[in-house]
Amino acid sequence: MINLEVQTHIAAPPEVCFDLARDVDFHARSLAHTGERVTHRPEHSLLELGDEVEFEGRHLGVRQRLRARIVSFEKPHQFRDVMVRGAFRSFAHDHIFEPSASGTLMRDRLQFAAPLWPLGLAVERAVLRPYLARLIAARGREIKNAAEQTSSV
């Protein structure tokens with residue numbers, strides 16, 4: 001199992017960053033380079049406790065689907081989604097938003113495990129960890145750009 005944290009400093013209030021991070025439509029746009037699209041969603045765009053959402057996109061050359069459920073939600077401080085269906089053995093993502101002097105420190109904490117242990121362990125370290133770190137950092141930059149364009153701290 002791998003633990004990964006990516007931090008993004010954003011010159012916008014936590015409320016703005018929080019809402020962008022839980023916006024289903026923004027998620028798909030922010031990962032457009034992967035062909036990300038929503039295949040299952042609630043009727044509303046902003047995810048809430050108990051909501052399930054499913055995305056499909058091309059990752060590492062393979063079309064993947066991942067369905068996640070929001071299992072923890074404390075607006076505008078944090079929410080957690082966990083995989084309920086997908087290629088991982090397990091996958092959890094904590095989205096944390098802390099006020100800072102310059103606006104918000106956004107922390108993305110991932111905990112994941114690949115299938116097919118022990119081969120999966122090597123894949124986690126050599127392939128998945130660096131790929132997901134880049135993917136989450138890129139998404140963080142998209143949230144940062146959008147948040148900073150729409151607000152001033």
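All of the numbers you see were taken from the coordinates with simple rules; none came from a lab. Remember, it's a predicted structure, so these values are computed and weren't measured experimentally. Here the Cβ positions follow ideal geometry from the backbone for every residue, glycine too, while neighbour counts run over all protein chains shown.
State which residue is farthest from residue 12 (Cα to Cα) when the search covers only segment 85-111 and only residues that are charged (D, E, K, R) and in a strand (DSSP E or B).
At the first step, the residues of segment 85-111 found to be charged (D, E, K, R) are 85, 89, 94, 98, 107-109.
If we keep only those that are in a strand (DSSP E or B) as well, we get 85, 94, 98, 107-109.
Values: 85: 33, 94: 20, 98: 11, 107: 14, 108: 17, 109: 20 Å.
Among those residues, the one meeting the criterion is 85.
Can you find a residue that is among the small types (Gly, Ala, Ser), surrounded by fewer than 16 Cβ atoms within 10 Å (Cβ to Cβ) and out of contact with any strand residue (DSSP E or B) (no Cβ under 9 Å at 6 or more places or on another chain) anywhere in segment 79-102?
Yes, there is a match, as at least one residue in segment 79-102 is among the small types (Gly, Ala, Ser), surrounded by fewer than 16 Cβ atoms within 10 Å (Cβ to Cβ) and out of contact with any strand residue (DSSP E or B) (no Cβ under 9 Å at 6 or more places or on another chain).
For segment 41-64, give me each residue that is under 18 Å from residue 86 (Cα atoms), without any contact (Cβ under 8 Å) to a residue 60 or more places away in the chain and surrounded by 14 or more Cβ atoms within 10 Å (Cβ to Cβ).
41, 51, 52, 53, 54, 55, 56, 57, 64
Output the number of the condition that residue 82 fails; it satisfies all remaining conditions of (1) in a strand (DSSP E or B); (2) in contact (Cβ under 8 Å) with a residue 24 or more places away in the chain; (3) out of contact with any Asp or Glu (no Cβ under 8 Å at 6 or more places or on another chain).
Of (1) in a strand (DSSP E or B); (2) in contact (Cβ under 8 Å) with a residue 24 or more places away in the chain; (3) out of contact with any Asp or Glu (no Cβ under 8 Å at 6 or more places or on another chain), only one is false for residue 82: (2).
Quick one: is residue 47 within 13 Å of the chain's Cα centre (by Cα), under 22 Å from residue 13 (Cα atoms) and not basic (Lys, Arg)? Give the steps one after another, and end with the answer.
On the way: within 13 Å of the chain's Cα centre (by Cα): yes; under 22 Å from residue 13 (Cα atoms): yes; not basic (Lys, Arg): yes.
Yes; evaluated as a whole, the condition is true for this residue.
Name every residue in segment 28-79 that is of a type in the set (Gly, Ala, Ser), on the phi < 0 side of the Ramachandran plot and outside any strand (DSSP E or B), in order of residue number. Give the derivation first.
Pass one, segment 28-79, residues of a type in the set (Gly, Ala, Ser): 28, 30, 32, 35, 45, 50, 57, 61, 68, 72.
Still in the list and also on the phi < 0 side of the Ramachandran plot: 28, 30, 32, 45, 57, 68, 72.
Correct list: 28, 30, 32, 45.
Quick check on this structure: which one of 147, 137 is within 17 Å of residue 20 (Cα to Cα), in contact (Cβ under 8 Å) with a residue 12 or more places away in the chain, small (Gly, Ala, Ser) and surrounded by fewer than 16 Cβ atoms within 10 Å (Cβ to Cβ)? Even if it seems obvious, please write down each step before you answer.
Working: 147 fails: surrounded by fewer than 16 Cβ atoms within 10 Å (Cβ to Cβ).
Of the residues listed, the single one that is within 17 Å of residue 20 (Cα to Cα), in contact (Cβ under 8 Å) with a residue 12 or more places away in the chain, small (Gly, Ala, Ser) and surrounded by fewer than 16 Cβ atoms within 10 Å (Cβ to Cβ) is 137.
Specify the residue that is farthest from residue 9 (Cα to Cα); the eligible residues are those in segment 118-130 that are touching a residue at least 12 places away in the same chain (Cβ under 8 Å) and surrounded by 13 or more Cβ atoms within 10 Å (Cβ to Cβ).
My answer is 120.
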